[in-house]
Amino acid sequence: MRTRYEFVLPRGYIDDQGVVRRRGVMRLATARDELEPLRDPTISGPDDPRLTILVLARVVERLGDLELVTPNEIQDLFAVDLAYLQDFYGVINFGSEEDIEALLAAQERAESQTSPRPETTASETTPPTAAAGSESPPRPPAGGRRAAIEEVPQNGR
Amino acid sequence: MKHYPIDVLWQEVIYLAYHLHWDLDDLLDLEHQDRVRLVQGVAALNARAWEEVRQLS
């Protein structure tokens, strides 16, 4: 059974030097990944939007050549990339096999349609910010923006 | 972002701890789908055991 999935961000994380990182790896979440961030003193409760940042920082194992992904990198992502990771998390953890296959196939198709773009470039001048809602992203994430934390519907277990 | 309901998550961990006697650390490190599969497996074993008890009485 697969426990790690490769993703390709629509825009990519851009660091202070202008290096763009689009490819990464997310592992499946555990109970600990969702419980421990709730104990963080900066988190006010299950509805705190920052909870998402802390959970994603735990399960995103790699982003480009970064092997240590912290909440700093996650919160500096473009809004479109953060939304993409939120959807990706939902599908690989709570989706069916078909949902996962469809997501990976769509990602592959989207990537093959865009012109090849190097992983590292200094040509980006737009500063990365999670509040970059006014910019028009090159590709919207499947399923749209996830602004809030939703609970997975339980079917009478 | 989709997120596992915290009370349900704890119920599942407690259910498995009660029946399997595993360490809390091991239960917390189960991925969501594995934990749910274990809960369903234990529930099925319990249902079968109760059915046998009913047939004997």
Item to check | Per residue solvent-accessible surface (Å²) - the stretch B:6-56, probe of 1.4 Å | outcome: 69
Next on the checklist: Quick check: pseudo-label points 7 Å beyond the Cα along Cα→Cβ at B:Arg54 and B:Gln11, how many nm apart are they?
Outcome noted: 2.1
Checklist entry - Taking Cα atoms, how many degrees apart are the long axis of helix B:32-56 and the longest axis of chain B, rounded to 10 and kept between 0 and 90? => result 10
Checklist entry - Accessible area drop of at least 10 Å² (1.4 Å probe, protein heavy atoms): which residues of the stretch B:1-25 qualify, relative to the chain alone? => result B:Met1, B:Lys2, B:His3, B:Tyr4, B:Pro5, B:Ile6, B:Val8, B:Leu9, B:Trp10, B:Glu12, B:Asp25
Checklist outcome for this item: In the stretch A:30-63, the residues losing 50 Å² or more of accessible area (1.4 Å probe, heavy atoms of protein chains only) relative to their chain alone are A:Thr30, A:Ala31, A:Arg32, A:Glu34, A:Leu35
Checklist entry - With a ≥ b ≥ c the root eigenvalues of the C-alpha gyration tensor of chain B, is it rounded (a/c under 1.5), prolate (a/b larger than b/c) or oblate? => result prolate
Checklist outcome for this item: Asked for the total accessible area buried by B and A (1.4 Å probe, Å², nearest 100), one would answer 2500
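Quantify, in whole percent, the carbon and sulfur part of the accessible surface of the stretch A:4-107 (1.4 Å probe; protein heavy atoms only). Write down the numbers at each step before the final one.
Numbers: 1940 of 4070 Å².
Reported share for carbon and sulfur atoms: 48 percent.
Exactly which GluC sites (Glu not before Pro) in the stretch A:1-95 are in a DSSP loop and have at most 15 other Cβ atoms within 10 Å?
Sites meeting the loop and neighbour criteria: A:Glu67.
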Checklist outcome for this item: Contact-by-burial set, the stretch A:1-29, min loss 10 Å², accessible area of protein heavy atoms with 1.4 Å probe, reference chain alone, gives A:Met1, A:Thr3, A:Leu28, A:Ala29
Checklist entry - Considering only protein heavy atoms, what per residue accessible area in square angstrom results for the stretch A:4-107 with a 1.4 angstrom probe? => result 39
Checklist outcome for this item: Length gained if A:Leu66 through A:Glu108 is fully extended, taking 0.36 nm per residue and subtracting the Cα-Cα distance, is 12.9 nm
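The values are calculated or read from the model by the stated rules, or taken from the named source; none is laboratory data. Predicted model only: the values in this text are computed from it and were never measured. Cβ sites come from the backbone with ideal geometry, for glycine too, and all protein chains shown count toward neighbours. Remember, those area values only see protein heavy atoms, side chains included, never the ligands or the DNA or RNA. Shrake-Rupley method; radii C 1.70, N 1.55, O 1.52, S 1.80 Å.
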